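Trainee: Take a look at the following structure, please.
The values are calculated or read from the model by the stated rules, or taken from the named source; none is laboratory data. Note that the coordinates shown come from a computational prediction; the quantities given were computed from them, not determined experimentally. Positions of Cβ are generated from backbone atoms using ideal geometry, with glycine treated the same way; all protein chains shown enter the neighbour counts.
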Amino acid sequence: MSEPKVRIKNLYKIFGPRAKAMVPHVEAGMGKPELLEKHGHVLGLNDINLDIPARKVQVIMGLSGSGKSTLIRHINRLIEPTAGQMIVDGEDVLAMRDKALRKFRREKASMVFQKFALLPHRSVADNVAYGLDIQNVTEGDAKARSQKWIDRVGLSGFENHYPAQLSGGMQQRVGLARALATDAEILLMDEAFSALDPLIRTDMQNVMLDLQEELHKTIIFITHDLDEALRIGDNIAILRDGIMVQSGSPQDIVLKPADDYVTDFTKDINRSRVLQVGSVMHATPPASGPRIESTTVIEDAMQTLLEADGHEAIVMRGDEAIGGLSMNDMIRAIARGKGAATDSGAYT
């Protein structure tokens, strides 16, 4: 197994004048309310450990105050930790001196903010080129690279417009193009689509997913919206009061919630649009029937089975038949508020 792109180890963040002295209290089991009441310090992050693979979308989610935005700001050290390590490509970002940290921020990790963070006195083209200017890229090269990403995010013809002349969705496209123009390996997206209207938000998710299919960046995406997390995430980590309560694939989160807090998150989702048939199949493939790839979601698989007028489908992983799937399997999976998985990953 390859090394993770980002490895977060034993990360603590405590806000207050004697933060380091508070770490032993937290290590001994003191939680956020008690630390505030007894010592007047706020617990932001409590012993976070998370490995983030390269070229995948890692979602970090939770309610307001859970610590998710605090966590992402540690990756590029916009916030300094109280204790712990933040390792990127084997190097501890938290140990970097000023010059190395500036290089890391300019070239390795780009950030897309919820509030767009565009420069109001700069045109779209100049905003997109801003990171390239900081990298001392020549004017001609910066212009060409900026135009490439302006075109890719669907803003051709708006190069000379200013942020105030654009809608919220268009402004966020500028922010995304600016992050991509630097060719950074890591994109940090802090509630990047939360300020957008639902339809525009879905459109931006589509733009990001289409680009990711081609570019394969390491994306760390913060959200409080489980539907968004399930749609875009390869892996999801859920925070509560600074503690990571569960980390896993979207299938793990829906089928095997770690506690009542995670269960509450998942109870109202449309399971048919999230669960894949490989998670709900039974073990024995039928002798005949339509073939359905294991990563197909239940909603699409139901349509396939109905159109084939069959009792069962053959679940495939590439060219290999790995299980069977009936309409009853899928209905049971949708109906249950909680699911259980067998050792093979199949729903029971």
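Trainee: Which ones in segment 126-153 are at pLDDT 95 or above and outside any helix (DSSP H, G or I)?
Mentor: 129
Trainee: Shifting gears a bit: When you scan segment 116-125, do you find a residue that is in a helix (DSSP H, G or I), more than 27 Å from residue 164 (Cα to Cα) and in contact (Cβ under 8 Å) with a residue 24 or more places away in the chain, even just one?
Mentor: From segment 116-125, those in a helix (DSSP H, G or I) are 124-125; that's our starting set.
Then keep just the ones that are more than 27 Å from residue 164 (Cα to Cα); that gives none.
No: segment 116-125 contains no residue that is in a helix (DSSP H, G or I), more than 27 Å from residue 164 (Cα to Cα) and in contact (Cβ under 8 Å) with a residue 24 or more places away in the chain.
Trainee: Assuming residue 278 fulfils every condition listed in (1) within 30 Å of residue 41 (Cα to Cα); (2) in contact (Cβ under 8 Å) with a residue 60 or more places away in the chain; (3) of a type outside the set (Val, Ile, Thr); (4) not in a strand (DSSP E or B) apart from one, which condition is it?
Mentor: Single failed check for residue 278: (1).
Trainee: Also, quick follow-up: Starting from segment 162-173, keep only residues that are polar (S, T, N, Q), then list their pairs with residues that are surrounded by 18 or more Cβ atoms within 10 Å (Cβ to Cβ) whose Cβ atoms are within a distance under 7 Å, requiring at least 6 positions of separation or different chains.
Mentor: 171/116; 171/118; 171/163; 172/116; 172/192; 172/193; 172/196; 172/204
Trainee: Looking at 186, 222, 236 in this structure, which one is closer than 24 Å to residue 145 by Cβ and either of a type in the set (Gly, Ala, Ser) or modelled with pLDDT of 95 or more (or both)? Talk me through it step by step, then tell me what you get.
Mentor: On the way: 222 fails: closer than 24 Å to residue 145 by Cβ; 236 fails: closer than 24 Å to residue 145 by Cβ.
Criteria check complete, one pass: 186.
Trainee: Among what's in segment 323-348 and is crowded, with 19+ Cβ neighbours inside 10 Å and closer than 21 Å to residue 290 by Cα, pick the residue that is modelled with the lowest pLDDT. Talk me through it step by step, then tell me what you get.
Mentor: Going residue by residue through segment 323-348, those that are crowded, with 19+ Cβ neighbours inside 10 Å are 323-325, 329-330, 333, 339, 346-347.
Applying the additional criterion that residues be closer than 21 Å to residue 290 by Cα yields 323-325, 329-330, 333, 346-347.
On the way: 323: 97, 324: 97, 325: 96, 329: 94, 330: 95, 333: 90, 346: 43, 347: 38.
Checked segment 323-348; the qualifying residue modelled with the lowest pLDDT is 347.
Trainee: Can you name the strands (runs of 3 or more DSSP E) wholly within segment 1-110 that have at least 3 residues being modelled with pLDDT of 95 or more, surrounded by 20 or more Cβ atoms within 10 Å (Cβ to Cβ) and among the β-branched types (Val, Ile, Thr)?
Mentor: On the way: elements: 6-15, 42-52, 57-61, 83-88.
Because the criterion is at least 3 residues that are modelled with pLDDT of 95 or more, surrounded by 20 or more Cβ atoms within 10 Å (Cβ to Cβ) and among the β-branched types (Val, Ile, Thr), the strands (runs of 3 or more DSSP E) in segment 1-110 that meet it are 6-15, 57-61.
Trainee: Looking only at residues that are aliphatic (A, V, I, L, M) and at pLDDT 95 or above in segment 306-322, which one is surrounded by the most Cβ atoms within 10 Å (Cβ to Cβ)? Steps first, answer last, please.
Mentor: Here is the first cut: in segment 306-322, the ones aliphatic (A, V, I, L, M) are 306, 308, 313-316, 321-322.
Narrowing the set further to residues that are at pLDDT 95 or above leaves 313-316, 321-322.
Working: 313: 28, 314: 19, 315: 30, 316: 19, 321: 13, 322: 17.
Step by step, filter segment 306-322, then rank; the result is 315.
Trainee: Run down 224, 282 and say which single residue is surrounded by 15 or more Cβ atoms within 10 Å (Cβ to Cβ), at negative phi and under 14 Å from the mean Cα position of the chain (by Cα).
Mentor: Values: 282 fails: under 14 Å from the mean Cα position of the chain (by Cα).
Every option except 224 fails the conditions.
Trainee: Hey, another quick one. Considering only segment 154-177, I want to know if a residue exists there that is among the acidic types (Asp, Glu) and outside any helix (DSSP H, G or I).
Mentor: Filtering segment 154-177 for residues among the acidic types (Asp, Glu) gives 159.
Imposing the further condition that a residue be outside any helix (DSSP H, G or I) reduces the set to 159.
Yes, segment 154-177 has at least one match.
Trainee: Can you find even one residue in segment 230-245 that is free of Cβ contacts under 8 Å to residues at least 24 places away in the same chain, buried (at least 17 other Cβ atoms within 10 Å of the Cβ) and within 30 Å of residue 128 (Cα to Cα)?
Mentor: Taking every residue of segment 230-245 in turn, none turns out to be free of Cβ contacts under 8 Å to residues at least 24 places away in the same chain, buried (at least 17 other Cβ atoms within 10 Å of the Cβ) and within 30 Å of residue 128 (Cα to Cα).
Trainee: While we're on this one: For segment 181-217, which positions are touching a Leu at 6+ places or on another chain (Cβ under 7 Å) and either assigned to a strand (DSSP E or B) or under 16 Å from residue 107 (Cα atoms) (or both)?
Mentor: 181, 182, 217, listed by residue number.
Per-residue answers, yes or no, for (1) surrounded by fewer than 19 Cβ atoms within 10 Å (Cβ to Cβ); (2) over 17 Å from residue 329 (Cβ atoms):
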| site | (1), (2) |
| --- | --- |
| 250 | no, yes |
| 269 | yes, yes |
| 274 | no, no |
| 277 | no, no |
| 291 | yes, no |
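Trainee: Further question: Need pairs with beta-carbon distance below 6 Å; first residue free of Cβ contacts under 8 Å to residues at least 60 places away in the same chain and within segment 295-306, second assigned to a helix (DSSP H, G or I) and crowded, with 17+ Cβ neighbours inside 10 Å; sequence gap 6+ or separate chains.
Mentor: So the pair list comes out as 296/277; 298/330; 301/277; 302/330.
Trainee: Still on this structure: Listed residues 237, 287, 258; which is outside any loop (DSSP other than H, G, I, E, B) and on the phi < 0 side of the Ramachandran plot?
Mentor: Values: 287 fails: outside any loop (DSSP other than H, G, I, E, B); 258 fails: outside any loop (DSSP other than H, G, I, E, B).
The conditions single out 237.
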